[in-house]
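Asker: This is the structure I want to talk about, given as structure tokens.
What follows is calculated from the coordinates using simple rules that are stated; it is not laboratory data. What you see is a predicted model, and the numbers here were worked out from it, not measured in a lab. When we count neighbours, we look across all protein chains shown, and the Cβ atoms used for this are built from the backbone with ideal geometry, even at glycine.
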Amino acid sequence: MFRAQLINDPFDDPGIYVEFQHKKEAILFDLGYLHHFSTRKLLKIGHIFVSHTHMDHFIGFDHLLRVCLGRDQHIFLFGPPGFIKNVESKIGAYTWNLVENYSNNFVIEVTEVHENRKRINRYRCQRAFEPEVAAEAEDFNGTLVDRNDFTVKGVFLDHKIPSLAYSIEEKKHINIKKNVLDEMGLPVGAWLGELKDKILRGESDDTPVNVWWKNQNKQIPVKTLPLGKLKEKIIRITPGNKISYITDAVYNEDNARKIIGLAKASDMIFIEAPFLEKDAETALRKYHLTAKQAGDLARRAGAKNMTIFHFSPKYRGQKDLLLEEAMKAFNQD
Ligand SMILES: [Zn+2]
């Protein structure tokens with residue numbers, strides 16, 4: 001299960017932080033200002049998907065880089081054409097003559113996405129972030145990450161420059177029947193995450209699962225049960241969660257078709273709504289959506305819920321107008 005939140009107030013830098021429940025892992029869509037995030041939260045981030053590198057979507061890079069220095073972190077960064085140069089320019093703005101002495105291993109892996117292919121470079125702190133080619137250029141068919149627990153897809157939207165919209169989808173959602181857990185006298189704890197991973201990996205029913213917890217003496221008693229029995233008793237499997245992140249796009253037929261396709265049946269669509277429909281001309285000129293267009297697109301995608309953001313500062317104090325307009329379009333029959 002994912003928990004997603006905007007990283008800032010909707011009038012400030014856009015972006016969402018998506019946290020995995022029961023896992024020390026998070027994903028960021030867009031890298032706007034994030035100084036207010038705790039170090040603990042920032043260090044959970046493993047993947048970052050940047051729509052495009054206008055300043056409000058990428059200024060958080062330096063802060064994250066600083067927080068990760070001196071730690072064992074591996075970050076996968078994704079972005080549009082030109083992204084490798086953008087990242088290298090940021091890294092190249094600093095002097096790195098002492099980092100080769102660091103004992104930890106901080107690595108940034110950058111995927112620059114093009115219409116039909118992707119380039120991947122790697123930057124290791126211990127090598128003063130010298131660029132290394134991580135892989136031969138690969139084909140890009142819409143999928144950016146495909147793990148056994150989730151996938152991330154991207155499409156290019158027209159924002160006068162290419163802007164990537166993304167969706168993240170959990171493969172399936174494994175629910176724990178807490179009441180049965182209690183009845184069986186089993187504790188809640190990190191072992192449940194390990195159990196879920198085993199199920200997602202498709203391990204066989206006779207795989208032993210260690211049930212462990214920390215008691216008052218900090219000891220970790222272990223009980224071992226077969227995977228099949230736990231699956232049968234305490235697990236309920238439901239379809240996975242889907243979240244979409246759509247920002248910085250003009251309203252035109254091509255963009256609309258791509259947004260609806262990407263965000264199809266999302267549990268939550270985060271979609272930009274910088275302008276009111278009465279200012280549709282300004283929206284068009286600036287290559288952004290209106291609140292009505294955002295609500296229409298979310299409805300046509302069949303999204304269950306919608307969150308709008310990236311409000312133009314001209315509407316400060318009039319946030320409700322944007323919300324009402326978008327919601328009206330979203331809930332229309
Ligand atoms: Zn923007």
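Asker: Identify all aspartates and glutamates with a Cα-Cα distance to Lys278 below 16 Å; exclude those on the same chain that are fewer than 8 residues away in sequence.
Answerer: Asp296, Asp320, Glu324, Glu325
Asker: In percent, how large is the relative contact order of the range 69-159, given Cα pairs closer than 8 Å and 6 or more residues apart? List each step's numbers first, then the result.
Answerer: On the way: 152 pairs, mean separation 22.4, N = 91.
Once divided by the residue count of the range 69-159, the mean separation gives 25 percent.
Asker: Which residues does a label at Lys90 reach in the range 244-260, if reach means a backbone N under 11 Å from a point 7 Å past the Cα toward the Cβ?
Answerer: Nothing falls inside the zone, counting backbone N under 11 Å.
Asker: Further, regarding this structure: Using Cα pairs closer than 8 Å and at least 6 residues apart in sequence, work out the relative contact order for the range 173-238, in percent.
Answerer: 42 percent
Asker: Put +1 on the Cβ of every Lys and Arg and -1 on every Asp and Glu Cβ in the chain; which of Ala249, His159, Ile269 then has its Cα farthest towards the positive end of the dipole?
Answerer: Sorting the options by dipole projection puts first Ile269.
Asker: Beyond a 30 Å Cα-Cα separation, which of these cross-linked pairs lie in this structure: Lys44/Lys292; Lys233/Lys264; Lys171/Lys218; Lys160/Lys242; Lys85/Lys314; Lys41/Lys160?
Answerer: Over 30 Å Cα-Cα: Lys44/Lys292; Lys233/Lys264; Lys171/Lys218; Lys85/Lys314; Lys41/Lys160.
Asker: Also, I was wondering about something else. Highest GNM mean-square fluctuation, the chain, Cα pairs closer than 10 Å: which of Lys233, Lys292, Lys24?
Answerer: Fluctuation is largest for Lys233.
Asker: For the chain, what does -39500 (n - 2.57) per DSSP helix run (n ≥ 4), summed and divided by total residues, give at 222 nm, in deg cm²/dmol to the nearest 500?
Answerer: Numbers: 10 runs with 86 residues, N = 333.
Roughly -7000 deg cm²/dmol at 222 nm, from the helical runs in the chain.
Asker: Say R0 is 30 Å: what FRET efficiency, to the nearest 0.05, do Ala128 and Thr39 get from their beta-carbon distance?
Answerer: According to the calculation, E is roughly 0.80.
Asker: What is the chain by shape, rounded, prolate or oblate, if you read a ≥ b ≥ c off the alpha carbon gyration tensor as root eigenvalues and call it rounded for a/c under 1.5, prolate for a/b larger than b/c, and oblate otherwise?
Answerer: Verdict is oblate for the chain.
Asker: Most fluctuating residue of His310, His57, His173 in a GNM of the chain with Cα springs under 10 Å: which is it?
Answerer: His173
Asker: Nothing charged except the Cβ atoms of Lys and Arg (+1) and of Asp and Glu (-1): what's the magnitude of the dipole of the range 1-81 about its Cα centre? Round to the nearest 20 debye.
Answerer: For the range 1-81, the charge dipole is close to 460 debye.
Asker: What FRET efficiency comes out for Asn141 versus Asn179 if R0 is 45 angstrom and r is the Cβ-Cβ distance? Round to the nearest 0.05.
Answerer: The calculated FRET efficiency here is 0.55.
Asker: Give me the percent of DSSP beta bridges within the range 1-108 that run antiparallel, rounded to the nearest 5.
Answerer: So the antiparallel bridges amount to about 50 percent of the total.
Asker: Now, a different point. Mind checking which of Ser204, Val180, Leu230 is farthest towards the positive end of the range 173-238's charge dipole, using Cβ charges of +1 (Lys, Arg) and -1 (Asp, Glu) about the Cα centre?
Answerer: Highest projection toward the positive end goes to Val180.
Asker: Any idea what the relative contact order of the chain is, in percent, if you count C-alpha pairs under 8 Å spaced at least 6 apart?
Answerer: Value for the chain: 12 percent.
Asker: Right, something else. Where is the GNM fluctuation largest for the chain (alpha-carbon springs, 10 angstrom cutoff): Ala265, Ala298, Ala190?
Answerer: Looking only at Ala265, Ala298, Ala190, the largest GNM fluctuation is found for Ala190.
Asker: Work out the length of the dipole vector of the chain about its Cα centre, built from +1 on the beta-carbon of each Lys and Arg and -1 on the beta-carbon of each Asp and Glu, and round it to the nearest 20 debye.
Answerer: So the magnitude is around 940 debye.
Asker: Right, something else. Restricting to the chain, compute how many DSSP beta bridges are antiparallel as a %, nearest 5.
Answerer: Of all bridge pairs located within the chain, approximately 70 percent are antiparallel.
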